[in-house]
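Chemist: Structure incoming, see below.
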(Lines give C-alpha, C1' and ligand atoms only; values in the text may rest on other atoms or scores of the structure.)
Protein backbone atom coordinates (compact mmCIF):
# COMPACT_ATOMS: atom_id res chain seq x y z
CA UNK A 1 0.00 0.00 0.00
CA UNK A 2 1.34 3.43 -0.92
CA UNK A 3 1.61 5.83 2.00
CA UNK A 4 2.19 9.54 1.50
CA UNK A 5 4.33 11.48 3.94
CA UNK A 6 2.72 14.88 4.54
CA UNK A 7 5.29 17.36 5.88
CA UNK A 8 3.53 20.39 7.29
CA UNK A 9 4.92 23.92 7.71
CA UNK A 10 8.57 23.09 8.32
CA UNK A 11 9.48 26.74 7.82
CA UNK A 12 12.31 29.00 8.96
CA UNK A 13 9.80 31.33 10.61
CA UNK A 14 9.18 28.79 13.37
CA UNK A 15 12.70 29.47 14.60
CA UNK A 16 11.64 33.09 15.27
CA UNK A 17 10.96 34.31 18.85
CA UNK A 18 7.61 35.58 17.51
CA UNK A 19 6.09 32.26 18.68
CA UNK A 20 7.20 32.67 22.29
CA UNK A 21 10.09 31.58 24.41
CA UNK A 22 9.35 27.88 24.74
CA UNK A 23 9.11 25.12 22.19
CA UNK A 24 9.46 21.41 22.69
CA UNK A 25 10.89 18.44 20.84
CA UNK A 26 14.05 19.96 19.39
CA UNK A 27 14.55 16.58 17.64
CA UNK A 28 11.51 17.30 15.44
CA UNK A 29 13.63 18.53 12.53
CA UNK A 30 15.95 15.52 12.79
CA UNK A 31 13.00 13.11 12.85
CA UNK A 32 11.33 14.81 9.89
CA UNK A 33 14.62 14.49 7.98
CA UNK A 34 14.74 10.76 8.88
CA UNK A 35 11.19 10.28 7.60
CA UNK A 36 11.98 12.16 4.39
CA UNK A 37 15.11 10.06 3.87
CA UNK A 38 13.12 6.84 4.39
CA UNK A 39 10.26 7.88 2.09
CA UNK A 40 12.74 8.95 -0.58
CA UNK A 41 14.66 5.65 -0.34
CA UNK A 42 11.38 3.70 -0.60
CA UNK A 43 10.20 5.76 -3.58
CA UNK A 44 7.04 6.70 -1.69
CA UNK A 45 5.34 10.07 -2.29
CA UNK A 46 6.15 13.10 -0.15
CA UNK A 47 3.77 16.05 0.12
CA UNK A 48 5.31 19.32 1.30
CA UNK A 49 2.95 21.89 2.79
CA UNK A 50 3.85 25.55 3.38
CA UNK A 51 1.83 28.05 5.37
CA UNK A 52 1.60 31.41 3.58
CA UNK A 53 0.28 33.69 6.32
CA UNK A 54 -1.94 36.58 5.28
CA UNK A 55 -0.62 38.56 8.27
CA UNK A 56 2.25 40.76 7.01
CA UNK A 57 3.76 40.76 10.53
CA UNK A 58 3.96 36.96 10.71
CA UNK A 59 7.32 35.32 10.05
CA UNK A 60 5.36 32.95 7.77
CA UNK A 61 4.12 35.71 5.45
CA UNK A 62 5.37 35.10 1.87
CA UNK A 63 7.19 38.45 1.91
CA UNK A 64 9.26 37.48 4.96
CA UNK A 65 12.36 35.25 5.02
CA UNK A 66 10.69 32.97 7.59
CA UNK A 67 8.32 31.71 4.91
CA UNK A 68 11.23 29.69 3.48
CA UNK A 69 11.24 25.95 4.15
CA UNK A 70 13.83 24.44 6.49
CA UNK A 71 16.81 22.96 4.63
CA UNK A 72 15.90 19.26 4.90
CA UNK A 73 12.45 19.97 3.48
CA UNK A 74 13.61 22.53 0.94
CA UNK A 75 15.86 19.86 -0.60
CA UNK A 76 12.90 17.53 -1.28
CA UNK A 77 11.42 17.10 -4.73
CA UNK A 78 7.85 16.54 -3.52
CA UNK A 79 5.23 14.60 -5.39
CA UNK A 80 2.94 17.47 -4.42
CA UNK A 81 3.60 20.95 -3.02
CA UNK A 82 0.65 22.57 -1.22
CA UNK A 83 0.45 26.23 -0.21
CA UNK A 84 -2.17 27.13 2.38
CA UNK A 85 -3.35 30.14 4.39
CA UNK A 86 -5.35 28.25 7.04
CA UNK A 87 -4.64 25.39 9.45
CA UNK A 88 -5.61 22.38 7.33
CA UNK A 89 -3.46 21.21 4.44
CA UNK A 90 -6.73 19.98 2.93
CA UNK A 91 -7.68 23.65 2.33
CA UNK A 92 -4.57 24.49 0.33
CA UNK A 93 -3.72 24.72 -3.33
CA UNK A 94 -3.58 22.42 -5.13
CA UNK A 95 -6.28 20.25 -3.57
CA UNK A 96 -4.61 17.61 -1.35
CA UNK A 97 -7.68 15.39 -1.08
CA UNK A 98 -8.21 15.30 -4.84
CA UNK A 99 -4.54 14.49 -5.43
CA UNK A 100 -4.55 11.66 -2.84
CA UNK A 101 -7.71 10.15 -4.31
CA UNK A 102 -6.44 10.43 -7.89
CA UNK A 103 -3.18 8.75 -6.83
CA UNK A 104 -5.22 6.08 -4.96
CA UNK A 105 -3.45 6.85 -1.70
CA UNK A 106 -5.54 6.01 1.34
CA UNK A 107 -2.86 6.27 4.08
CA UNK A 108 -0.96 9.38 5.13
CA UNK A 109 1.73 9.99 7.73
CA UNK A 110 1.59 13.52 9.08
CA UNK A 111 4.51 15.41 10.66
CA UNK A 112 5.70 19.01 11.07
CA UNK A 113 4.93 22.18 12.98
CA UNK A 114 2.78 23.03 15.03
CA UNK A 115 1.56 19.84 16.66
CA UNK A 116 -1.65 21.29 18.07
CA UNK A 117 -2.44 23.61 15.19
CA UNK A 118 -1.87 22.72 11.52
CA UNK A 119 -0.67 19.16 12.15
CA UNK A 120 -3.65 18.26 14.36
CA UNK A 121 -6.15 20.03 12.08
CA UNK A 122 -4.81 18.22 9.01
CA UNK A 123 -4.86 14.86 10.82
CA UNK A 124 -8.42 15.38 12.06
CA UNK A 125 -9.64 16.39 8.64
CA UNK A 126 -7.82 13.49 6.98
CA UNK A 127 -9.51 11.11 9.40
CA UNK A 128 -12.90 12.70 8.74
CA UNK A 129 -12.36 12.32 4.99
CA UNK A 130 -11.76 8.59 5.46
CA UNK A 131 -7.99 8.44 5.14
CA UNK A 132 -5.93 6.14 7.37
CA UNK A 133 -3.92 8.80 9.23
CA UNK A 134 -0.76 8.24 11.24
CA UNK A 135 0.76 11.02 13.34
CA UNK A 136 4.54 10.82 13.79
CA UNK A 137 4.36 12.57 17.17
CA UNK A 138 8.09 13.04 17.79
CA UNK A 139 8.43 14.51 14.28
CA UNK A 140 6.28 17.46 15.40
CA UNK A 141 6.73 20.30 17.83
CA UNK A 142 4.81 23.25 19.20
CA UNK A 143 5.03 26.21 21.56
CA UNK A 144 3.52 27.22 24.88
CA UNK A 145 0.11 28.77 24.41
CA UNK A 146 -1.86 31.21 26.56
CA UNK A 147 -5.53 30.37 27.08
CA UNK A 148 -8.42 32.83 27.30
CA UNK A 149 -8.06 32.81 31.09
CA UNK A 150 -4.42 33.89 30.87
CA UNK A 151 -3.07 30.49 31.91
CA UNK A 152 -0.06 29.35 29.89
CA UNK A 153 -0.31 25.74 28.73
CA UNK A 154 3.17 24.22 28.25
CA UNK A 155 4.07 22.89 24.82
CA UNK A 156 4.53 19.33 26.15
CA UNK A 157 0.99 19.35 27.56
CA UNK A 158 -0.41 20.64 24.26
CA UNK A 159 1.46 17.93 22.39
CA UNK A 160 0.20 15.22 24.73
CA UNK A 161 -3.33 16.55 24.42
CA UNK A 162 -3.11 16.44 20.62
CA UNK A 163 -1.95 12.82 20.78
CA UNK A 164 -4.87 12.00 23.07
CA UNK A 165 -7.39 13.88 20.91
CA UNK A 166 -6.28 12.15 17.74
CA UNK A 167 -5.91 8.68 19.25
CA UNK A 168 -8.94 8.77 21.55
CA UNK A 169 -11.13 10.41 18.94
CA UNK A 170 -10.24 7.79 16.33
CA UNK A 171 -8.79 10.37 13.94
CA UNK A 172 -5.28 8.90 13.75
CA UNK A 173 -2.83 6.30 14.98
CA UNK A 174 -0.07 7.98 16.99
CA UNK A 175 3.42 6.51 16.57
CA UNK A 176 7.04 7.55 17.04
CA UNK A 177 9.47 7.96 14.16
CA UNK A 178 11.29 4.79 15.28
CA UNK A 179 8.03 2.81 15.20
CA UNK A 180 7.29 4.06 11.70
CA UNK A 181 10.75 3.15 10.43
CA UNK A 182 10.75 -0.44 11.71
CA UNK A 183 10.97 -2.76 8.69
CA UNK A 184 7.82 -4.78 8.03
CA UNK A 185 8.12 -8.38 9.20
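Chemist: Filter the strands (runs of 3 or more DSSP E) completely within the stretch 93-185 down to those with at least 2 residues that are in contact (Cβ under 8 Å) with a residue 12 or more places away in the chain and within 13 Å of the chain's Cα centre (by Cα).
Modeler: Hits in the stretch 93-185: 107-113, 132-141.
Chemist: If I filter the stretch 16-28 down to residues being surrounded by fewer than 17 Cβ atoms within 10 Å (Cβ to Cβ) and closer than 17 Å to residue 119 by Cβ, which single residue comes out as modelled with the lowest pLDDT?
Modeler: So the residue we want is 26.
Chemist: For the stretch 49-92, enumerate the residues that are under 14 Å from the mean Cα position of the chain (by Cα), without any contact (Cβ under 8 Å) to a residue 60 or more places away in the chain and crowded, with 17+ Cβ neighbours inside 10 Å.
Modeler: Within the stretch 49-92, 50, 69, 82, 84, 87, 88, 90, 92 meet the criteria.
Chemist: Kindly evaluate residue 142 against the criterion of being surrounded by 20 or more Cβ atoms within 10 Å (Cβ to Cβ), out of contact with any strand residue (DSSP E or B) (no Cβ under 6 Å at 6 or more places or on another chain) and over 22 Å from residue 2 (Cα atoms).
Modeler: For residue 142, the condition - surrounded by 20 or more Cβ atoms within 10 Å (Cβ to Cβ), out of contact with any strand residue (DSSP E or B) (no Cβ under 6 Å at 6 or more places or on another chain) and over 22 Å from residue 2 (Cα atoms) - is met.
The values are calculated or read from the model by the stated rules, or taken from the named source; none is laboratory data. Every value quoted in this text rests on a predicted model; they were computed, and no experiment measured them. Every residue, glycine as well, gets a Cβ built from its backbone with ideal geometry; the counts of neighbours run over all protein chains shown.
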